[in-house]
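Down below is the structure, laid out as structure tokens.
The values are calculated or read from the model by the stated rules, or taken from the named source; none is laboratory data. Bear in mind that the values here come from a model prediction, so they are computed numbers and not experimental data. Glycine also receives a Cβ, built like all others from the backbone with ideal geometry; neighbour counts cover every protein chain displayed. Each accessible area value is taken on the protein alone, full model and side chains, heavy atoms only, with ligands, DNA and RNA left out. Shrake-Rupley method; radii C 1.70, N 1.55, O 1.52, S 1.80 Å.
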Amino acid sequence: MRIGQSVLKLACLDGQPEIFYSIQGEGRTAGTPSVFIRTSLCNLHCIWCDTDYTWNWEGTPFVHENDARPGYRKFDKKTWIKRCSIEEVVERVLAYPARNVVLTGGEPLMQQSALVALMHRLRQCDASYRFEVETNGTLLPRAEFEAVIDQYNVSPKLTNSNNPARLRERPAVYFYFARNLKAYFKFVVAQPSDVQEVLCLQERYGIAAEKIWLMPEGSTRQKLAHRRRWLVEVCKIHGFCYTDRLHVQIWGNRKGV
Ligand code: SF4
């Protein structure tokens with residue numbers, strides 16, 4: 001593998017690649033100290049996305065709920081993408097004590113080759129590195145990616161995301177992850193009709209209930225509080241797991257935490 005030639009396009013915050021040390025805030029490994037690497041670029045455009053600086057570029061037609069907010073502007077692609085060599089990313093990750101690494105985005109599976117190179121390089125430094133990837137469930141992992149990843153956090157998007165169904169629901173990918181022992185599904189739920197959609201997808205793709213996490217939609221504490229109690233009851237009825245958004249609870253709607 002020609003590691004030296006691989007380049008990762010990462011989200012850029014204050015001129016630096018978005019690589020930070022925190023706890024996993026959502027899903028099966030919530031609470032685990034982790035190093036986060038946020039890739040830029042996404043092939044979907046969720047209306048409530050809280051990492052819109054990875055895809056909502058100037059000159060694109062995509063709508064976002066923040067459009068109504070005074071002062072909200074689309075993002076300049078050059079400013080918000082940081083191109084990094086694998087060695088630079090490795091150096092930054094090694095500076096943190098955690099060995100759980102979360103590859104997040106954007107949509108990380110758009111950059112599989114570079115991420116495979118990164119994972120191999122980190123494991124050369126310390127074999128105990130463990131890798132999770134957060135994906136929107138629209139892209140199939142390649143064999144070399146499957147071979148090194150430890151966990152998929154698959155978050156299929158529902159109608160509430162405002163993406164057309166033909167873009168967000170890829171049957172071959174859903175079937176792949178439904179049968180993959182490393183994969184867990186996390187659905188963002190805002191209202192009762194979302195639960196009906198989850199149940200339809202569960203049946204259509206044969207997703208085991210114990211592989212499903214439901215998470216309230218919301219990037220503020222108030223929104224999460226409003227939906228939490230109702231959603232926990234939904235989980236109890238259907239045998240799904242509930243996940244909160246710990247980072248929002250602790251830090252609010254802040255980037256890089
Ligand atoms: S798939 Fe994820 S990163 Fe992409 S727009 Fe939706 S929420 Fe944002």
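Quick check on packing: order 96-106, 186-196 by the mean number of other C-beta atoms within 10 Å, highest mean leading.
Details: 96-106: 20.5, 186-196: 17.5.
Going from most to least packed, we get 96-106, 186-196.
Assign unit charges at the C-beta atoms only (+1 for Lys and Arg, -1 for Asp and Glu), then state the dipole size of the chain relative to its Cα centre in Debye, rounded to the nearest 20.
On the way: 35 positive and 27 negative charges, 12 e Å.
Result for the chain is approximately 60 debye, rounded to the nearest 20.
No partner Cβ under 4.7 angstrom, meaning no disulfide-compatible partner by this rule: which Cys of the chain qualify?
Singleton cysteines: CYS12, CYS42, CYS84, CYS125, CYS200, CYS235, CYS241.
What full-extension length gain, to one decimal in nm, is calculated for HIS226 and GLU146 as 0.36 nm per residue of separation minus the Cα-Cα distance?
The span from HIS226 to GLU146 would gain 25.0 nm if fully extended.
Could you state the accessible area per residue of segment 82-169 in Å², with a 1.4 Å probe and every protein chain left in place? Spell out each step's value before the answer.
Working: 3270 Å² over 88 residues.
Ligands and nucleic acids excluded, the result is 37 Å² per residue.
Highest first, please rank the peptides 64-71, 154-161, 213-220 by the mean number of other Cβ atoms sitting within 10 Å of their residues. Provide the component values of the computation, followed by the final result.
Values: 64-71: 10.8, 154-161: 21.8, 213-220: 19.8.
Top to bottom by mean Cβ count within 10 Å: 154-161, 213-220, 64-71.
In segment 61-144, which chymotrypsin sites (Phe, Trp or Tyr not before Pro) fall in coil by DSSP and have 13 or fewer other Cβ atoms within 10 Å?
Values: sites: PHE62, TYR72, PHE75, TRP80, TYR129, PHE131; in loops: PHE62, TYR72, TYR129.
Within segment 61-144, the qualifying chymotrypsin sites (Phe, Trp or Tyr not before Pro) (loop, at most 13 other Cβ atoms within 10 Å) are TYR72.
What residues qualify as long-range amide H neighbours of SER34, i.e. H under 5 Å apart, gap of 5 or more or another chain, H built at 1.01 Å from N?
Placed amide hydrogens put SER22, ILE23, GLN24 under 5 Å from SER34.
Convert each backbone phi in segment 116-133 into a coupling constant with the Karplus relation 6.51 cos²θ - 1.76 cosθ + 1.60 (shift: θ = phi - 60°), then list the ³J(HN,Hα) values in order as whole Hz, x for Gly and Pro.
Result, rounded to whole Hz: 4, 4, 4, 5, 4, 5, 5, 5, 5, 6, 7, 5, 7, 4, 10, 10, 10, 10.
Apply the Karplus curve 6.51 cos²θ - 1.76 cosθ + 1.60, θ = phi - 60°, to the phi angles in segment 104-114 and return the couplings in whole Hz, x for Gly and Pro.
My calculation for segment 104-114 gives 10, x, x, 10, x, 5, 6, 10, 5, 4, 5 Hz in order.
Select from SER34, GLN111, LEU139 the residue farthest towards the positive end of the dipole of segment 25-163; place +1 on Cβ of Lys and Arg, -1 on Cβ of Asp and Glu, and compute about the Cα centre.
Most positive-ward Cα: GLN111.
In segment 1-84, what percent of the accessible surface is made up of carbon and sulfur (1.4 Å probe, ligands and nucleic acids excluded)? All intermediate terms of the calculation are to be shown ahead of the outcome.
On the way: 2110 of 4160 Å².
The value for segment 1-84 is 51 percent carbon and sulfur by accessible area.
For a Förster distance of 35 Å, can you work out the FRET efficiency between the beta-carbons of GLU88 and SER128, rounded to the nearest 0.05?
Details: r = 22 Å, r/R0 = 0.62.
FRET efficiency, GLU88 to SER128: 0.95.
In whole Hz and in residue order, list the ³J(HN,Hα) couplings for segment 158-175 that follow from phi through the Karplus curve 6.51 cos²θ - 1.76 cosθ + 1.60, θ = phi - 60°; x for Gly and Pro.
These are the phi-based 3J(HN,Hα) values: 9, 3, 4, 7, 6, 8, x, 4, 5, 8, 8, 10, 10, x, 4, 6, 4, 4 Hz.
Among all the lysines, which ones have a C-alpha under 29 Å from LYS82's C-alpha, if same-chain residues fewer than 8 places away are not counted?
LYS9, LYS74, LYS157, LYS186, LYS255
Mean separation of Cα pairs under 8 Å and 6+ residues apart, divided by the residue count of segment 3-251: what relative contact order is that in percent? Provide the component values of the computation, followed by the final result.
Numbers: 470 pairs, mean separation 47.1, N = 249.
Over segment 3-251, the number comes to 19 percent.
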